[in-house]
Every structure is written in C-alpha cells, then in structure tokens.
Amino acid sequence: MQYHVDGDLVAREEATVHVEDRGFRYGDAAFETCRAYGGEVFAWERHRRRLANTCETLGMPDAVPADLAVRVAETLDANDLADAYVRVSVTRGVQPGKLTPREAVDSTVVIQVKPLPRGGVDSDPVWDGHATVQTVKTRRTPSAAVPADAKTHNYLNGIMARLELRRVTNEGYQPDEALLRDIDGNLQEGTTSNIFFIDDGTLKTPATGELLPGITREHVLELAADESFPVETGTYSVDDLREADEAFLTNTTWELRPIDEVDGLQVGSGPVTNLLRRLYDQRVETRCY
C-alpha cells in the first residue's frame with residue numbers, strides 16, 4: 001500500500017509525520033472519511049467543503065491544498081483501487097510546542113486508502129450484521145466547548161464512549177456502537193454515526209446543533225424528501241429510539257446500517273429502512289458506476 005504524504009506517494013510503512021506536528025501533539029487537525037466507488041469519490045465536493053469549513057473553524061482557512069482531488073486520485077491509482085475507504089487529514093503542521101499556534105500555517109496533508117467491496121446496486125455491505133447499540137454515560141461534548149460541525153482529529157469524546165462499551169461487552173453481548181446524549185440527556189448521535197428512526201411512518205433524526213451533520217445523513221434526508229416521506233428533525237429521548245418501529249445508523253463507510261437492538265431491546269429494520277437503502281444504492285450506482 002502507498003499513502004500520500006505532503007505531496008508525495010510513499011510506502012505505508014514509511015508514511016510518517018513529525019513528532020512536533022500539531023495534529024499529533026494536540027489533535028489540531030481536520031479530516032474527512034470518504035468512500036470511492038468505481039474510482040469516483042462519492043459526494044467529493046461535500047466532503048471537501050466540510051473539510052475546508054473545519055479548517056476555517058480552526059483558524060487555518062487556506063490549509064486545504066488546491067490540488068487535493070488530484071492527490072486523492074493519485075493515491076487510488078497508485079494502489080490500483082476503484083472501491084475504497086479514503087481518509088484525508090489536514091493538520092496545522094510542524095510548530096514549536098506551544099499551545100497558541102502561529103499565524104502562518106504550513107499544513108501537513110495525508111491521504112490514506114484501503115480496499116472496500118463494490119458498492120451500489122446488488123452490493124454487499126461492509127458491516128457484518130445489523131447493529132447492536134448501547135447508551136453510555138459519556139455525554140456529547142457541547143458545541144459551546146468544541147463546535148459540533150468541526151470534524152477534527154480530537155476524538156477523545158468518542159474514545160471514552162467506546163471504552164464504556166468494552167466494560168459491558170461479554171460473550172453474549174457485543175455492542176457495535178455507543179449512543180451519545182447531550183448534557184440534558186437528549187439523544188444525539190453515535191460515536192461515528194448519525195441516528196435515524198421511524199415512528200408511525202415518520203422518519204425522525206436528531207436536529208443539528210449538538211451533533212456532527214454527516215454527509216450520508218444529508219443524502220438520506222434528500223432521498224426521503226424525493227419520496228415525499230414525512231420527515232422530522234427534533235429533540236428525542238433514548239426511549240423514543242427504543243420504542244421505534246425501525247431504526248438505522250448512517251456514516252460514509254457503513255452507508256445505512258439497520259439497528260437490531262438498543263440497550264437490549266429489539267427494534268430492527270423495516271420497509272422504510274429497506275427502501276432508503278435501495279435508493280441510496282441506486283444513487284451511488286448512478287453517480288459512480
């Protein structure tokens with residue numbers, strides 16, 4: 001495997017960053033997880049825009065290189081990959097060990113890839129079975145502390161939630177995702193996913209503000225609007241999810257993953273989830289294959 005590091009393709013084993021890089025020292029960096037289908041990065045402009053927005057939030061608005069799409073294509077080509085996971089990271093770069101960053105930014109840009117199955121119509125999902133999810137005590141970091149719409153390298157909040165899952169995992173119970181609530185106890189998101197559920201025919205998902213609005217989440221809302229589904233974004237409790245007729249998680253790699261179980265209670269898939277999965281596959285097929 002070859003990765004792209006600061007403009008050069010290098011062997012994975014040699015792909016490193018400086019120990020004084022602020023992405024390593026402080027998590028002072030932005031990233032995007034994308035998925036390539038048939039050699040085409042799906043929703044690339046949306047991912048690039050969110051990456052640029054995160055960099056602007058971090059005070060480094062010019063950190064994303066103009067040739068980023070070319071670098072991604074070079075990385076896919078070098079590894080002979082058409083269907084792949086693609087991660088793009090942009091750090092503030094190497095600077096002295098002071099918390100306050102310099103105004104001048106010489107960003108570090110890293111692109112990593114790995115193979116994934118073909119997507120689109122008649123594809124097999126990357127996940128192994130429907131998801132088991134578990135509510136955790138760790139709360140979602142408030143947006144007033146860390147902007148919720150900034151996708152940064154600092155994932156300590158999610159790591160702490162996943163560590164809680166380790167404590168409840170046993171031979172008969174192995175959760176796939178942790179459910180995060182806000183400080184007031186309202187349902188927000190998974191550690192790496194957004195949440196949808198269907199209640200009496202209405203597709204519902206927590207409103208943005210305290211969660212990261214995912215790119216796949218955007219596509220699902222667009223597909224539902226195209227089908228004239230009743231859609232609601234609002235404030236919900238974990239009980240709303242536990243008592244739902246159907247539920248699923250979304251992220252770029254999983255696409256739409258049905259939720260089988262919430263805190264030991266059965267939920268499962270259904271006609272709305274299955275239809276949205278088919279429509280998402282068709283959108284990928286049309287745009288990328």
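The values are calculated or read from the model by the stated rules, or taken from the named source; none is laboratory data. Quick caveat: nothing in here was measured; it's all calculated off a predicted structure. Neighbour counts run over all protein chains shown; Cβ positions are idealised from the backbone, glycine included.
When Arg139, Arg87 are screened for being within 25 Å of Leu165 (Cβ to Cβ), in the same structural domain as Ala247 (by TED's automatic domain parsing) and of a type in the set (D, E, K, R), only Arg139 passes. Apart from one condition, Val126 fits all of (1) closer than 30 Å to Asn274 by Cα; (2) touching a residue at least 40 places away in the same chain (Cβ under 8 Å); (3) of a type outside the set (D, E, K, R); (4) outside any loop (DSSP other than H, G, I, E, B); the exception is (4).
Rundown of residues vs (1) at positive phi; (2) not in a helix (DSSP H, G or I); (3) not aliphatic (A, V, I, L, M), yes/no style:
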| residue | (1), (2), (3) |
| --- | --- |
| Ser228 | yes, yes, yes |
| Thr233 | no, yes, yes |
| Tyr280 | no, no, yes |
| Arg283 | no, no, yes |
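Within the stretch 186-193, is even one residue surrounded by fewer than 21 Cβ atoms within 10 Å (Cβ to Cβ), among the small types (Gly, Ala, Ser) and either farther than 26 Å from Val121 by Cβ or out of contact with any Asp or Glu (no Cβ under 6 Å at 6 or more places or on another chain) (or both)? Within the stretch 186-193, none of the residues are surrounded by fewer than 21 Cβ atoms within 10 Å (Cβ to Cβ), among the small types (Gly, Ala, Ser) and either farther than 26 Å from Val121 by Cβ or out of contact with any Asp or Glu (no Cβ under 6 Å at 6 or more places or on another chain) (or both). The residues of the stretch 132-169 that are within 18 Å of Gly214 (Cα to Cα) and part of a strand (DSSP E or B) amount to a single one, Thr152. Any residue at all in the stretch 87-102 that is under 21 Å from the mean Cα position of the chain (by Cα) and of a type in the set (Gly, Ala, Ser)? Yes, the stretch 87-102 contains a residue that is under 21 Å from the mean Cα position of the chain (by Cα) and of a type in the set (Gly, Ala, Ser). Please determine whether any residue of the stretch 203-216 is within 24 Å of Glu285 (Cβ to Cβ), among the aliphatic types (A, V, I, L, M), in a helix (DSSP H, G or I) and assigned by TED's automatic domain parsing to the domain that holds Thr141. Within the stretch 203-216, one or more residues are within 24 Å of Glu285 (Cβ to Cβ), among the aliphatic types (A, V, I, L, M), in a helix (DSSP H, G or I) and assigned by TED's automatic domain parsing to the domain that holds Thr141.
Looking at the structure I just gave you, is Thr191 touching a helix residue (DSSP H, G or I) at 6+ places or on another chain (Cβ under 9 Å), polar (S, T, N, Q), closer than 30 Å to Pro115 by Cα and assigned by TED's automatic domain parsing to the domain that holds Lys151? It is true that Thr191 is touching a helix residue (DSSP H, G or I) at 6+ places or on another chain (Cβ under 9 Å), polar (S, T, N, Q), closer than 30 Å to Pro115 by Cα and assigned by TED's automatic domain parsing to the domain that holds Lys151.
Among the residues of the stretch 101-121, which ones are of a type in the set (Asp, Glu) and in contact (Cβ under 8 Å) with a residue 60 or more places away in the chain? None; the set is empty.
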